[in-house]
Amino acid sequence: MALHRGSRKHKERRISVNPFFGDADPVSGMTEAPPTHRMPKKPLAPTTAYQVVHDELMLDGNARLNLATFVTTWMEPQAGVLIAECLDKNMIDKDEYPRTAELERRCVAILADLWNAPDPSAVVGCSTTGSSEACMLAGMAFKRRWSHRNADRYPGARPNLVMGVNVQVCWEKFCEYWEVEPRLVPMEGDRFHLDPRAAAELCDENTIGVVGVLGSTFDGSYEPIAGLCAELDALKERTGLDIPVHVDGASGAMIAPFLDEELVWDFRLPRVASINTSGHKYGLVYPGVGWALWRDADALPEELVFRVNYLGGDMPTFALNFSRPGAQVAAQYYTFLRLGREGYQAVQRSTRNVATYLAEGIEALGDFRLLTRGDQLPVFAFTTADHVTAYDVFDVSRRLREYGWLVPAYTFPPNREDLSVLRVVCRNGFSHNLADIFLADLTRALDGLRRQQGPTGDREAATGFHH
């Protein structure tokens with residue numbers, strides 16, 4: 001979550017709220033607007049408080065036009081009703097809300113089957129607030145297993161985690177918070193994610209694991225998980241080092257099982273110890289719910305699981321958060337039940353079709369070069385063509401914002417910091433019709449951009465890189 005500071009003293013506005021906000025008498029409803037940075041002295045009528053907050057939130061961007069975010073921005077009305085009915089249920093209180101706990105267990109079982117666990121009944125898993133928490137839990141399990149194997153050297157030896165430089169920022173946070181050395185495989189040329197051989201070369205006796213990403217947030221491409229496992233198998237044969245793999249499937253783990261069934265990336269690979277996904281991304285649920293699954297109990301050290309009984313009953317828990325609503329877990333089960341495999345396949349195929357259609361349309365404009373085409377994740381990145389000198393990707397991002405579209409512009413990490421791109425994330429609800437409107441708006445924006453004398457250099461005004 002973003003950090004905020006307590007603000008300096010603000011000038012309070014001496015104006016009244018709209019008298020129509022009053023419950024009955026418009027005159028009595030003409031209360032003075034409440035202070036914004038300190039608690040008001042007196043209560044407001046619920047309708048007044050609602051309208052004041054509602055009106056300020058109107059200035060937010062339209063979530064459906066946000067092509068930066070991966071998170072779900074549309075669900076059926078029935079799902080919204082179900083979420084509202086479950087907002088008061090505490091997910092951690094499994095004894096008081098046993099049916100909600102049962103839905104969580106069913107979701108874990110469904111994902112174990114979806115990800116081809118050899119023995120789904122042996123899989124251990126839990127819901128989380130999102131993939132970031134799930135990744136933290138997977139990293140903790142990695143480190144604890146490594147410390148068990150190296151009890152004679154740890155804590156003297158410093159553990160390390162190998163991953164591509166393109167990983168989501170939560171992995172950098174894990175390394176910083178849990179004092180693990182990050183070993184990053186840089187980008188090279190037109191390779192924008194981890195190289196299996198380079199990853200294996202970074203491993204040593206202090207490596208707790210290797211992270212493979214099924215769907216990079218930078219460009220939407222899958223990392224070669226099977227190739228990574230093969231390199232680590234060869235490393236074990238040469239050196240005896242037996243290093244597990246975690247698959248960060250925040251997005252791809254809910255795409256590949258339905259659209260890329262022949263792709264081997266999951267528990268079919270014996271070296272894959274754990275997998276995470278975001279239910280609130282291509283799991284098609286509003287934020288925030290994620291999932292973390294381990295192949296079996298051996299992959300998740302028992303001492304990391306806490307058991308509490310003061311809420312009633314014996315409840316095993318493995319989480320960074322404690323209290324959180326069960327609403328999104330219920331919504332996840334609803335979506336699994338509502339769509340089934342065929343439904344998910346249809347939704348994800350439609351989303352990918354929109355992504356590839358839009359990528360081709362952008363390429364046809366002649367001003368851009370595609371880095372990816374949306375044929376893995378329904379996500380693609382593109383940059384300006386070599387002949388374009390009047391503007392850059394940051395100018396494009398800023399101009400599209402004038403039409404209501406949020407499209408992030410950002411530079412790639414080492415060793416491709418010279419490359420600045422735009423990225424489009426296509427989600428359920430972003431239709432072919434909306435894609436056509438986007439293309440028309442982009443075409444209109446180019447009319448003005450092509451007349452510029454050169455890039456404005458105003459990167460701050462462009463949308464940033466959001467995961």
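Per-structure values
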| quantity | calculated |
| --- | --- |
| Antiparallel bridge percentage (DSSP; both residues within the chain; nearest 5) | 60 percent |
| The chain, accessible surface, carbon-and-sulfur percent (1.4 angstrom probe) | 52 percent |
| R0 of 22 Å, Cβ-Cβ distance Glu85-Asn321: FRET efficiency to nearest 0.05 | 0.55 |
| Simple label model, 7 Å out from Cα along Cβ direction - Ala122 to Arg105, nm | 2.1 nm |
| Lys pairs, the chain - Cα-Cα below 29 angstrom, 8 or more residues apart or on other chains | 12 |
| Built amide H within the under 5 Å cut-off of Asn160, gap 5+ | Glu181, Thr207, Ile208 |
| ³J(HN,Hα), Karplus 6.51/-1.76/1.60, whole Hz, each residue of the stretch 351-361, x for Gly, Pro | 5, 5, 4, 5, 4, 5, 5, 5, 4, 5, x |
| Within the chain: Cβ-based charge dipole about Cα centre, in debye rounded to nearest 20 (Lys, Arg +1; Asp, Glu -1) | 1160 debye |
| Mean separation of Cα contacts under 8 Å, 6 or more apart, over the residue count of the stretch 397-462: relative contact order % | 32 percent |
| Linear extension gain, Ala45 paired with His432, 0.36 nm per residue minus alpha-carbon span | 135.0 nm |
| Charge-dipole axis of the stretch 315-467 as Lys and Arg at +1 and Asp and Glu at -1 on Cβ define it, positive-most pick from Thr384, Phe438, Ala364 | Phe438 |
| 11 Å cut-off, amide nitrogen to a point 7 angstrom out along Arg64 Cα→Cβ, residues in the stretch 419-439 | 429-431, 434 |
| Cα-centre dipole for the stretch 52-143 with unit charges at Cβ (Lys and Arg positive, Asp and Glu negative), debye to 20 | 360 debye |
| Relative contact order %, the chain, counting alpha carbon pairs below 8 Å whose residues are six or more apart | 18 percent |
| Relative contact order for the stretch 257-300, counting Cα pairs under 8 Å that sit 6 or more residues apart, in percent | 31 percent |
| Vicinal HN-Hα couplings computed from phi for the stretch 149-160 (Karplus, 6.51 cos²θ - 1.76 cosθ + 1.60; Hz; Gly/Pro x) | 6, 10, 4, 6, 10, 9, x, x, 7, 9, x, 9 |
| HN-Hα J in Hz across the stretch 274-281 - Karplus 6.51, -1.76, 1.60, θ = phi - 60°, x for Gly and Pro | 7, 9, 10, 8, 9, x, 8, 10 |
| Modelled FRET efficiency - R0 22 Å, Val264 with Asp298, Cβ distances, 0.05 increments | 0.50 |
| Residues whose placed amide H lies under 5 Å from that of Ala33, excluding near-sequence neighbours | Ile15, Ser16, Val17 |
| Amide H contacts of Tyr410 (H built 1.01 Å from N, under 5 Å, at least 5 apart or other chain) | Val421 |
| Helix-derived mean residue ellipticity, 222 nm - over the chain, DSSP H n ≥ 4, -39500 (n - 2.57), to 500 | -11000 deg cm²/dmol |
| Which of Gly215, Val424, His193, positive extreme of dipole for the chain (C-beta unit charges) | Val424 |
| Rg followed by Dmax, in Å, when the chain is reduced to its Cα trace | 24.4, 83 |
| Projected label distance in nm at Glu417 and Glu96, using a 7 Å step from Cα toward the beta-carbon | 5.1 nm |
| Protection-proxy order for peptides 129-137, 50-58, each taking the mean of Cβ atoms within 10 Å per residue, highest first | 129-137, 50-58 |
| Label point distance in nm, Glu181-Asp55, each placed 7 Å from Cα along Cα→Cβ | 5.9 nm |
| Relative packing of peptides 340-353, 65-78 - highest average C-beta neighbours within 10 Å first | 65-78, 340-353 |
| Two-site FRET efficiency, Gln78 against Glu172, from Cβ-Cβ distance with R₀ of 30 Å, rounded to 0.05 | 0.20 |
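The values are calculated or read from the model by the stated rules, or taken from the named source; none is laboratory data. Since the structure is predicted, the reported quantities are computational estimates derived from the model, not experimental observations. In this analysis, Cβ positions are derived from the backbone assuming ideal geometry, glycine residues included, and neighbour counts consider all displayed protein chains. Side chains included, ligands, DNA and RNA excluded: accessible areas come from the protein's heavy atoms. Shrake-Rupley method; radii C 1.70, N 1.55, O 1.52, S 1.80 Å.
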